[in-house]
Amino acid sequence: MLEFVLFYKNPLLHASLSIILALTLSFFRIPILFLYALQTYIHPDSQPQSNGLKAAIRRPGTDGTTNELRKRNKSKEKPDFDENNAQIFRIRLDQSHLQSRLYIDQYCVAFTVSFVTLFAILLHKFLDCHDNNGLLANGVFVPILLSILSLYTWGMLFVKVTFERSASRRSEKQLSVVFGVLGVLLGLFFVPEVASLVLDFDFGVSVDGFWRVLISAMMGCLACFMFIPAIRSARSFWLGTDQIRCNLSMITCGFFNRTILYVNQILLIFVALMWIMPLAEIFVNKNYNNSKGNSATTSGVGNAERVVGNVGFSPSDFDNFRHWCLLGSSLLQIVALRANLQMYLNEALLSWYQRLHGGKVPELDYSRAKMFLHNHYLCLVVLQFLGPPVLVLIFLGLSQIDGPSLGNFPLALPSSAFFKEVALFLAWWVTFLWAIFSSAILLLHRHCILYVS
């Protein structure tokens, strides 16, 4: 019995710790706590009280215990403005509020499955896996199967939230489909032969038939699913960093969250550019082994051709640096999720404020509907903000699984290096799409083609 446990210690450790982590996340309601204390806004007439009456705002100086309200003279003409409907309430989200939101159950399941998968991939990096022990003994099948389950879960959720009715504009959904088709065509005609000339990816084998179609389909699906979340992220950045110059502390972010938003956007763009060939060559010293011997013989200054390819990281160190940057960018996106989500909720507050002060007679129907939709689809937006960095972490983790372990896995893979390179390419593709879409939307906001309202 002891020999059996020692021989299969890796899969047993994977299974036991994964179950313990899943139960811990569910028992302590970690997904709910992750969203705890976010501030949302409601109109008074949309918040019923326990006695069936609607919330009202009393004037200063009135006694709260009296039931008599000030009588107003009724006139035949309809009043121009009802000040009671102009008031809003700010509440902090807790468990009771969040449990009534749409997609809350799907969010909890996706959160738990994703972090259990990431924990299994991280655990596999620290376990002693022998190649001659077989597929079951080294335990590599556990993180791979969990990754497949997590990718399937996120794929189904992205299909639902992308085409959810009333959650986004029809034009945004149509553009998502257009970018998805373009992603498929880009994968069919340019990956990997043409892409290898521009991007620093080496698939090792020719990609034809089933694998070309599969990679193209995944590129198209990711392009379709990333567009709407990137738009919301760009609007949150625009509002959180006070690019509209509203100077309202209740709408914009503080110094710490604003710094996170800036660093997150800059790091996304930087990581997306690190795999583009002309820029990647600047950081790599191709003559690293001979750099010490040739450094004394080189002469002259101002020659850019001698600099490119002769200074910088070694190829292996640069690959590790890019992987760490990709990891840091994804983790920073998760850190910035609460700030982005708070700006998403504050967007409804900005709409109320603009329509309250936009004219002599405020039109608050639009802001009332916007507040309702932003509260109703809160967990849907959480899925859209959480999904991209989690996908990047899962793809990056799969690209770091050692080759001999993948060789024992019962899949008709061309090679283990091909699987790792495809996983790394998809991780970069998600980051690249997010950087391109969000930067384009920010540029349109900067030129006043789009605006937050």
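The values are calculated or read from the model by the stated rules, or taken from the named source; none is laboratory data. In this text, all values refer to a predicted model and were calculated from it rather than measured experimentally. A quick note on method: Cβ atoms are made from the backbone with ideal geometry, for glycine too, and the neighbour counts reach across all protein chains shown.
Data for the structure
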{"quantity": "Scan of the range 145-198 for residues that are small (Gly, Ala, Ser) and touching a residue at least 40 places away in the same chain (Cβ under 8 Å), ordered by number", "calculated": "147, 150, 155, 166, 167, 168, 176, 180, 183"}
{"quantity": "Condition check for residue 159: closer than 30 Å to residue 378 by Cβ, surrounded by fewer than 14 Cβ atoms within 10 Å (Cβ to Cβ) and touching a helix residue (DSSP H, G or I) at 6+ places or on another chain (Cβ under 9 Å)", "calculated": "yes"}
{"quantity": "In the range 175-203, the residues that are outside any helix (DSSP H, G or I) and surrounded by 16 or more Cβ atoms within 10 Å (Cβ to Cβ)", "calculated": "191, 192, 199, 200, 201, 203"}
{"quantity": "Selection within the range 142-156 - hydroxyl-bearing (Ser, Thr, Tyr) and within 21 Å of residue 11 (Cα to Cα)", "calculated": "147, 150"}
{"quantity": "Candidates 211, 238 - the one that is under 30 Å from residue 415 (Cβ atoms) and among the hydrophobic types (A, V, I, L, M, F, W, C)", "calculated": "211"}
{"quantity": "Flag if residue 166 is at pLDDT below 90 and either among the hydroxyl-bearing types (Ser, Thr, Tyr) or assigned to a helix (DSSP H, G or I) (or both)", "calculated": "yes"}
{"quantity": "Qualifying residues in the range 371-412 (those that are assigned to a helix (DSSP H, G or I) and surrounded by fewer than 19 Cβ atoms within 10 Å (Cβ to Cβ)) - the one modelled with the lowest pLDDT", "calculated": "407"}
{"quantity": "Residue check for residue 439: farther than 26 Å from residue 160 by Cβ, assigned to a helix (DSSP H, G or I) and modelled with pLDDT of 95 or more", "calculated": "yes"}
